[in-house]
Amino acid sequence: MTTPWGNPHFDDHEAVHFVTDRASGLKAIIAMHSTALGPAAGGTRFWHYDDEEKALSDVLRLSRGMSYKNAMAGLPLGGGKAVILADEARTKTPAMIAAFGRAVNRLAGNYVTAEDVGITVEDMIAVRRETDFVAGLPVEDGAEVGGDPGPHTARGVYLGLKAAVARRLGRETLADVHVAIQGAGSVASHLARHLAADGARLSIADVNRARVEALAAETGATIVDPADILFLKADVVSPCALGAILNEESVGRLDTAIIAGAANNQLATPGDGQRLAARDILYAPDYVINAGGIINVSTEYLADGGADLVRQRIDAIPGRLEQIWDEAAQSGRDPASVADAMAQRLIGRA
Ligand code: NAD
């Protein structure tokens with residue numbers, strides 16, 4: 001394994017902590033990319049990696065992404081991320097999670113954790129027993145903010161999608177606008193309800209048959225084969241399932257005017273942002289449009305406001321997208337590159 005400095009995803013990360021707890025078998029890496037705007041915040045991923053280098057690459061890349069996402073959402077938070085290196089059987093024990101919580105606590109609030117892939121709310125409740133530096137916990141009795149980020153993410157995506165439709169198609173409402181949604185999970189379901197209420201025409205696909213059927217029954221959407229959903233002739237394609245779905249091959253086959261969805265890391269490479277622009281497909285940079293969840297989590301953690309502040313911060317997402325699209329149009333660069341540059345300026349790394 002290379003040192004963090006030798007890894008291609010190293011981006012002047014402020015600190016990279018390698019955590020070991022022999023008694024529980026915990027092996028983890030906590031990366032703090034930037035604390036320029038506040039404590040480095042970002043979830044913990046529990047994942048089996050083929051080798052340690054891949055885990056290091058993942059945590060370096062994801063923590064930088066969190067710096068950009070938090071900065072662009074206007075949050076007083078920096079960017080960080082943790083990965084717990086699972087064994088092949090993905091053995092997760094209470095002792096391991098507790099040891100991870102103690103490791104987070106040793107960072108004294110400079111890193112704040114939450115759920116990510118492979119980590120449940122129950123795991124975070126266990127982490128909370130060891131440290132205060134956790135968010136994404138269930139809503140406490142009487143609290144306005146907290147709990148499932150999915151509905152908040154969906155609301156931001158809905159507002160951003162509407163802004164994209166107004167800009168690219170010149171349509172002020174979503175009535176009869178055809179949206180193809182990849183995924184029928186948490187965010188996709190809430191998004192589909194918003195869109196259906198506005199009279200949009202929906203096509204949806206999910207590898208989970210029961211889930212897609214339930215959502216179609218509720219929203220009147222047409223069910224599409226998962227292999228076809230991205231390539232449907234539609235006004236908008238909304239990726240709400242997997243990352244890296246926009247690559248050289250798939251971008252060439254798209255038949256849509258707009259990409260606006262919740263999935264993280266939609267572009268396989270930065271060149272795919274340029275490919276979308278070259279095809280005149282308006283792209284809503286993923287970490288800008290999908291920030292509703294982190295906005296809710298941040299407001300819960302920092303306790304700097306209630307449901308109104310969450311709403312206001314999510315309402316600002318379309319404006320941020322407009323700024324990106326304007327700068328892209330003026331400069332001739334693609335929106336994803338413009339968003340990265342804007343985020344770098346915000347964290348003082350232009
Ligand atoms: P989820 O697990 O609830 O839903 C994902 C859905 O995608 C599942 O129903 C799954 O069966 C489906 N899926 C998997 N592979 C598929 C395929 N090949 N074709 C079609 N469907 C497929 O997850 P979620 O919380 O709704 O998140 C969706 C995406 O949005 C993820 O990329 C996530 O990282 C991102 N995101 C979520 C949030 C949030 O608040 N939940 C915030 C920001 C970003």
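The values are calculated or read from the model by the stated rules, or taken from the named source; none is laboratory data. Keep in mind the model is a prediction, meaning the values are calculated, not measured. Using ideal geometry, Cβ is built from the backbone for each residue, glycine included, and neighbour counts are taken over all protein chains shown. When the accessible area is computed, the model is the full protein with side chains, heavy atoms only, and any ligands, DNA or RNA have been set aside. Shrake-Rupley method; radii C 1.70, N 1.55, O 1.52, S 1.80 Å.
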Given the options Leu309, Leu346, name the one that is surrounded by fewer than 21 Cβ atoms within 10 Å (Cβ to Cβ) and closer than 18 Å to Gly42 by Cβ.
Leu346
Of the residues Ala268, Ala303, Ala307, Ala260, which is farther than 19 Å from Ala71 by Cβ and within 13 Å of the ligand (Cβ to nearest atom)?
Ala260
Out of the residues in segment 142-198 that are open to solvent by less than 40 Å² (accessible area, probe 1.4 Å), farther than 18 Å from Asp235 by Cα and of a type outside the set (A, V, I, L, M, F, W, C), state the one that is farthest from the ligand (Cβ to nearest atom).
Gly146
Looking only at segment 253-264, which residues are touching a strand residue (DSSP E or B) at 6+ places or on another chain (Cβ under 9 Å) and surrounded by 15 or more Cβ atoms within 10 Å (Cβ to Cβ)?
Leu254, Thr256, Ala257, Ile258, Ile259, Ala260, Gly261, Ala262, Ala263
Within segment 281-296, the count of residues that are open to solvent by 20 Å² or more (accessible area, probe 1.4 Å) and within 16 Å of the ligand (Cβ to nearest atom) comes to 2
Any residue at all in segment 78-93 that is under 30 Å from Leu309 (Cβ atoms), β-branched (Val, Ile, Thr), in a strand (DSSP E or B) and not assigned by TED's automatic domain parsing to the domain that holds Tyr287?
no
Could you please let me know if Arg201 is surrounded by 18 or more Cβ atoms within 10 Å (Cβ to Cβ) and either more than 19 Å from Ile289 (Cβ to Cβ) or in contact with a helix residue (DSSP H, G or I) (Cβ under 6 Å, 6 or more places away or on another chain) (or both)?
yes
Taking first residues from segment 306-326 that are more than 13 Å from Ala164 (Cβ to Cβ) and second residues anywhere that are open to solvent by less than 30 Å² (accessible area, probe 1.4 Å) and among the polar types (S, T, N, Q), the pairs with Cβ under 7 Å that are 6 or more apart or on different chains are Leu309/Thr299; Val310/Asn296; Val310/Thr299
Kindly list the number of the only condition in (1) open to solvent by 10 Å² or more (accessible area, probe 1.4 Å); (2) touching a residue at least 12 places away in the same chain (Cβ under 8 Å); (3) among the β-branched types (Val, Ile, Thr) that fails for Thr120.
(2)
Residue list for segment 252-300, filter: among the aliphatic types (A, V, I, L, M), assigned to a strand (DSSP E or B) and either outside the structural domain of Ser203 (by TED's automatic domain parsing) or under 17 Å from Leu232 (Cα atoms) (or both):
Ala257, Ile258, Ile259, Leu282
Would segment 132-141 turn up any residue that is away from the ligand (no atom under 11 Å from the Cβ), in contact with an Asp or Glu (Cβ under 8 Å, 6 or more places away or on another chain) and open to solvent by less than 30 Å² (accessible area, probe 1.4 Å)?
yes
Quick check: is even one residue across segment 117-129 within 11 Å of the ligand (Cβ to nearest atom), closer than 23 Å to Gly292 by Cβ and assigned by TED's automatic domain parsing to the domain that holds Gly25?
yes
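Rundown of residues vs (1) out of contact with any Asp or Glu (no Cβ under 8 Å at 6 or more places or on another chain); (2) open to solvent by less than 60 Å² (accessible area, probe 1.4 Å), yes/no style:
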{"residue": "Ser238", "(1), (2)": "yes, yes"}
{"residue": "Val251", "(1), (2)": "no, yes"}
{"residue": "Gln266", "(1), (2)": "no, yes"}
{"residue": "Gly271", "(1), (2)": "no, yes"}
{"residue": "Arg279", "(1), (2)": "yes, no"}
Residues of segment 326-337 being open to solvent by less than 40 Å² (accessible area, probe 1.4 Å) and farther than 14 Å from Leu267 by Cα, in sequence order, are Ala328
